[in-house]
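Structure first, commentary second.
The values are calculated or read from the model by the stated rules, or taken from the named source; none is laboratory data. None of these values were measured; they are calculated from a predicted model. Please note: Cβ atoms are built from the backbone with ideal geometry, for glycine as well, and neighbour counts cover all protein chains shown.
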Amino acid sequence: MAMTEDMEFPRLTPPGERMPSGNSLFRRPEELTDEQFDLLAAAWAEDELSGDALIELESVIASAPGKRERANSFRSLRLAPGPESWPGMRRSLRNSPAKTAVRRTIVPALLAAAAVLMLILSGPAGAKLKTLNNPARTTGTATMAVAEIPGSLPVIRKESPELNQATAAGKIIQPEQVIDAGKNIPAEQVIATGKIILSEQLLAPDMPEVASERTLPLITMHDRAEILAFAPATDRTLSTITMAKTIEPATLREEKNWMLRSISFLAGAVTGREKEIDGYMIANGCINGLNTILGWDMELAQVSNKSGDPVAVSFSSSLLSFTKPLNKFTP
Amino acid sequence: MTVKEYNNAVREFGDHVYRFILRSIKDSHRADDIVQDTYEKLWRCVTEIEYVAARSWLFSTAYNRMIDVIRKDSRLVDIEYYDESSLYAEESHSDLNEVLHRALETLPAAQRSVILLRDYEGYNYKEIGEITGLSEAQVKTYIFRGRVALRNYLVKTSVWQ
């Protein structure tokens, strides 16, 4: 090995020897193995070859006829997505804050209104409403014949003490009774004749359902509201007729008690516990619900005396505070 | 990203991410869970992510979540290794795409994922690298090797001569 002395640093000079068989190491593109060619072809199919690499691949392909087809086969190796769709997509969709607030407010309000409406309809007043709205079919406690007066027909007035007594006593009135009663009325009391449709759903299980249609002098035993509802406008003079009432209207107290009993029943069904519900609990529940939904800070507290009996209710909020003594008769 | 944009991201990319994960792990329930988790995560940082970046963010997050799940289940196959014997089972085939998907199942998880991202979503190597955390060179290598493995599967199963 030759060594050159410099001023200060010694330096190595590479020798001139050459490897005797160095030329045998050179390769041609045609010498690539199939595996190597495949990798090259895969890159070519991805358009990732350029310059010398592309030239070499072309030379390989030119050297062997089957190589082009082999290289082209990589171009068809493309996966296409299937028809699968994500089943959880709907769950991941979000509502805007405004929509959420509206939904949280409106939906419970509508549900509450529906529940109250159901309670009312299933209560004593509901039974009366059904009677009034469905003259062809009477349900509930009324044991009366329902008269339907077609608008095109004249209407007469009939006073029948037997019918009034029977109705007031809650007896079932058979159509024949109505007809007989109509025949007995004095001629001067008959205003006109008309068609009456008598239909009855009897509450007593052993009684047959009565439904018949007769032409006879009438008026029967309906109250004024119903007569006005079915009479044509020209017969509004009928409003002066005093009719026998067959259903006593439900009192406010009955309705209130019915509502509380119903809410108690619903609360028991939901919570699984028998607990008597009072007005305070309902009001407190409403206030807690509003606090939760709207983020308000209202409070309703019951004030009790020394013996533990509630004597007043205290309400407080940022805008209003008051204390109201409890009526001991409040259910 | 607004809520509207978030919902657009659910509608636009939900199926794509789901297919990618489903094809990667072949378990519809787990795929559903992973995509749900991914969108939950997106929702938590909805104000921090721009809509334009949401797609690759979703794929990246879903991919990482999938890797976590696979590791947790001890089902992770060495990404450099695949069982060649499973490639050449004789089977009936009717549709090339269907056979290719069966072949895909035999690939290592990493190769499978990059090929799916490339073929299903058309991502370039750089984007695939960002999603999977691989270098661009690694992505290329996995794709080329994966293609060769798919071709070998087709040849060995007599789909191709």
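Points worth noting:
- Spans of helices (runs of 4 or more DSSP H) in the stretch B:98-161 with at least 3 residues within 14 Å of the chain's Cα centre (by Cα) and farther than 21 Å from A:GLU35 by Cα: B:109-121, B:125-132
- Matching residues in the stretch B:121-140 - criterion: being more than 18 Å from B:ASN64 (Cα to Cα) and at the interface with chain A (Cβ under 9 Å from one of its Cβ atoms): B:LYS140
- Being among the β-branched types (Val, Ile, Thr), surrounded by 11 or more Cβ atoms within 10 Å (Cβ to Cβ) and touching a residue at least 24 places away in the same chain (Cβ under 8 Å) holds for only one residue in A:ILE293, A:ILE282, and it is A:ILE293.
- Flag for B:ILE143 being at the interface with chain A (Cβ under 8 Å from one of its Cβ atoms) and not aromatic (Phe, Trp, Tyr): yes
- First in the stretch A:21-38 and loosely packed, with under 10 Cβ neighbours inside 10 Å, second anywhere and at pLDDT below 80, Cβ under 9 Å, 6 or more apart: A:LEU25/A:MET19
- The helices (runs of 4 or more DSSP H) located wholly in the stretch A:1-119 that include 1 or more residues which are more than 30 Å from B:ARG30 (Cβ to Cβ) occupy A:34-45, A:51-63, A:65-73.
- Residue check, A:PHE315 surrounded by 14 or more Cβ atoms within 10 Å (Cβ to Cβ) and either at positive phi or of a type in the set (Phe, Trp, Tyr) (or both): yes
- Here the stretch B:8-63 is the region considered, the condition is being in a loop (DSSP other than H, G, I, E, B) and farther than 22 Å from B:LYS126 by Cβ, and the residue that is farthest from the other protein chains (Cβ to nearest Cβ) is B:GLU48.
- Verdict on A:ALA283 being out of contact with any His (no Cβ under 9 Å at 6 or more places or on another chain), assigned to a helix (DSSP H, G or I), modelled with pLDDT of 75 or more and small (Gly, Ala, Ser): yes
For (1) at pLDDT 85 or above; (2) of a type in the set (Lys, Arg), each residue gets a yes or a no:
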{"position": "B:LEU22", "(1), (2)": "yes, no"}
{"position": "B:LYS41", "(1), (2)": "yes, yes"}
{"position": "B:TYR88", "(1), (2)": "no, no"}
{"position": "B:LEU117", "(1), (2)": "yes, no"}
